[in-house]
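Working notes for the structure below.
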Amino acid sequence: MADVFFGLQLAVQSPPGDPWRLRLQSVVRAHVRDLPLADQRGLWGSIANLLLQALDRSALGFWDFVPNGRSEYDDWVQGIEDDSAEPWRPDGTGARMDHVLVSAMFLLPEHEASAELVGAACDLPESDWRRRETFRRLVETLPQLDFASVRGSAAYVTPGGERLAFSLRELQGEGYDYLLRIE
């Protein structure tokens, strides 16, 4: 059976020291270890609630739903892991460093409840892809997944250091040009 990839990224205005950011980083760190199925819904519910709180502070975002998505899942995870291993260099233009990029990704069995749920939420006309309400609906699906069938999940906050941040200018530039302005 093929697997479906679902990935979501939000660029959230959250400067170093922001209590929201500290809570999110704490929750994501809890995801580093394997969690029992009963705890995964709570984890993703906490992440979803925090993302919903920050959605109005999210200028850019991206989401994707890919059938036969095993390689897409692996590429997203590997890309973020590779980026985190490189030395982080702040924006040298003097732009305000006050954004983090939050990524959530899932590998779901095709034709099972979770893939159908996410597929229905993603089945939109292209004119709606960038709408804030679309991102809200997608975030709201995260804790509704059937974690007994989820083959893989990952959450990241980058840059990872509590004192580090991107500028919005960086997130609109090379390497991040896939991010869309949320309307």
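Throughout, read-outs are computed from the coordinates displayed, never taken from laboratory work. Keep in mind that this is a model prediction, so the values were computed, not measured. FYI the Cβ positions are ideal-geometry reconstructions off the backbone, even for glycines, and counts take in every protein chain you see.
Taking the alpha-carbon set of the stretch 3-181, what are its Rg and Dmax in Å?
Cα only, the stretch 3-181: 15.6, 49 Å (Rg, Dmax).
Could you tell me the center-to-center distance, by alpha carbons, between the stretch 67-99 and the stretch 101-144 in angstrom?
21
What are the ³J(HN,Hα) values, in whole Hz, obtained from phi via the Karplus relation 6.51 cos²θ - 1.76 cosθ + 1.60 with θ = phi - 60°, for each residue of the stretch 154-167 in sequence order, with x given for Gly and Pro?
8, 9, 9, 10, 10, x, x, x, 5, 9, 9, 7, 8, 8
Can you give the helix-only mean residue ellipticity at 222 nm for the chain, where every DSSP H stretch with n ≥ 4 adds -39500 (n - 2.57) and the sum goes over all residues, rounded to the nearest 500 deg cm²/dmol? Provide the component values of the computation, followed by the final result.
Numbers: 6 runs with 70 residues, N = 183.
Calculated mean residue ellipticity at 222 nm is -12000 deg cm²/dmol.
Highest mean first, what order results for 6-15, 159-168 on Cβ atoms within 10 Å?
Details: 6-15: 22.7, 159-168: 16.3.
For the peptides 6-15, 159-168, the packing ranking is 6-15, 159-168.
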